[in-house]
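Chemist: One structure coming up, written as structure tokens, with questions to follow.
Readers should treat all values here as calculations from the given coordinates under stated rules, not as data from a laboratory. Just so you know, these numbers come straight off a predicted model, no measurement behind them. Reconstructed Cβ throughout: ideal geometry from the backbone, glycine too, with neighbour counts over all protein chains shown.
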Amino acid sequence: MGRILKVFLPVLLAVSPARAQDQDVRREAIQLLEHANAVSMSPKLPNLERIDTFRVLDPASGPREGSFTRVVIQGTGRREEVNFGSYQAVSVWTRAGLTTNRKTDLLPVEVENLLRITPIYLHRFDDQDVIHAIVEKAGNGQKVRCIEFDTIRGQKLQNNEFCIDPANGTLVSEKLGEEVVENSDFFPFAGALMPAKIVYSYAGVRKLEISQTMTELENATDGVLSAPPNSAERHYCQTFRRPIGLSTPLPKIGNGGSDSEVVIRGIVEADGRVHDAVVQAAERADLGLEALSLVRQWTFTPAMCNGQPNAQETVLVLHFHGR
């Protein structure tokens, strides 16, 4: 269990062939990014405690505070605790399985985003990325080297940029389409440099501010992996089959407008329907509502765990063309 199914609707590639790239520039960009990855990846992680305190910035409801704690006993298991408004959950993973008091497998969107970009959001280039240039820019009062590139995603050409601090090699900012992640105040931990501050923005609007600490646990006790109160035990699947789409109505094609996509998260239950669906990301709010309406009509054969129908968290990406 705990697997994420990503369902991508089929689209036709309508972008001209990849533009010619300067291979020396591409080679240097790959080396810069790989070095940034190496700088923030520990060669050997100890037992540790990571604490993220975060602030969600929402114009509708005002700022909201939350926290996420992860304790890892290497080779044995981990414990995670989330506190965010009315959502409070403790989960413990061991070799036997998962013990949790979570009422639903679907995390709040804000917590899902936090887990996705922490402890640091790292990347690699692939053949969908067209690298144009490496330029120097000013960032937070210092010079940074920025890789400017496009990514071909279906019928969309996404303008992106990674910026790297030449002094220590860390990845200080990442722009991927509408998403921007900014890392700062790096600190050393287990042979790596990790950001103490992370800011997440979408479509030019700041959404999430994170403060992060990581501490080595030198005297971890057995009790740290004890089952939380009022919890249920879940075992790992020995055999697993993901949900299979039966009916997945597509968005209507527009009349020459722009292309965009909407990311939906939900749970495919044993009845083959998507339950608790929420918009993870949408470039336009109205298309998010339309995507939710469509996804609620979709049907699947459910996931199978050890030969039995099993609820499965699902990520669905809907592409809107000419809208």
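Chemist: If neighbour count is taken as other Cβ atoms inside 10 Å, put LYS44, LYS143 in order from fewest to most.
Modeler: Details: LYS44 8, LYS143 11.
In increasing order of surrounding Cβ atoms, one gets LYS44, LYS143.
Chemist: What net charge is computed for the residues neighbouring LYS143, neighbours being all others with C-beta under 12 Å from the C-beta of LYS143, Lys and Arg scored +1, Asp and Glu -1? Could you put the intermediate results ahead of the total?
Modeler: On the way: positive: LYS137, ARG145; negative: GLU136, ASP165.
Local charge sum for LYS143: 0.
Chemist: Now a separate question. Going by a ≥ b ≥ c, the root eigenvalues of the Cα gyration tensor, does the range 23-232 fall in the rounded group (a/c under 1.5), the prolate group (a/b larger than b/c) or the oblate group?
Modeler: It is prolate, given that a/c is not under 1.5 and a/b is the larger ratio.
Chemist: Report, ordered by chain and residue number, the aspartates and glutamates lying within cross-link reach of LYS143, taken as a straight Cα distance under 14 Å and ignoring same-chain residues fewer than 8 apart.
Modeler: Of all the aspartates and glutamates, those that pass the test against LYS143 - Cα under 14 Å, at least 8 places apart if same chain - are ASP165.
Chemist: Distance between Cα centroids, the range 256-323 to the range 105-127: provide it in whole Å.
Modeler: The range 256-323 and the range 105-127 have Cα centres spaced 18 Å from each other.
Chemist: If you don't mind, another one. Would you mind pulling out the separation of the Cα centroids of the range 229-251 and the range 154-176, in Å?
Modeler: The range 229-251 and the range 154-176 have Cα centres separated by 34 Å.
Chemist: Take each uninterrupted DSSP H stretch in the chain, measure its Cα extent along the helix axis, and return the ones at 20 Å or beyond whose mean Kyte-Doolittle hydropathy is at least -0.5. Don't skip to the answer; put the middle values down first.
Modeler: Numbers: long enough: 23-39 (24 Å, -0.43).
Both cut-offs are met by 23-39.
Chemist: Report the label-to-label distance for LEU115 and THR301 in nanometres (one decimal), using points 7 Å from each Cα along the Cα→Cβ vector.
Modeler: About 2.8 nm separates the two model spin labels.
Chemist: A follow-up question, please. Once you charge only the Cβ atoms, +1 for Lys and Arg and -1 for Asp and Glu, what is the size of the charge dipole of the range 186-273 about its Cα centre, to the nearest 20 debye? Don't skip to the answer; put the middle values down first.
Modeler: Values: 9 positive and 9 negative charges, 92 e Å.
Magnitude of the dipole: close to 440 debye.
Chemist: Give me the one-decimal nm value for the distance between modelled label points at ARG284 and HIS235, 7 Å along each residue's Cα-to-Cβ direction.
Modeler: In this crude label model, ARG284 to HIS235 measures out at 5.0 nm.
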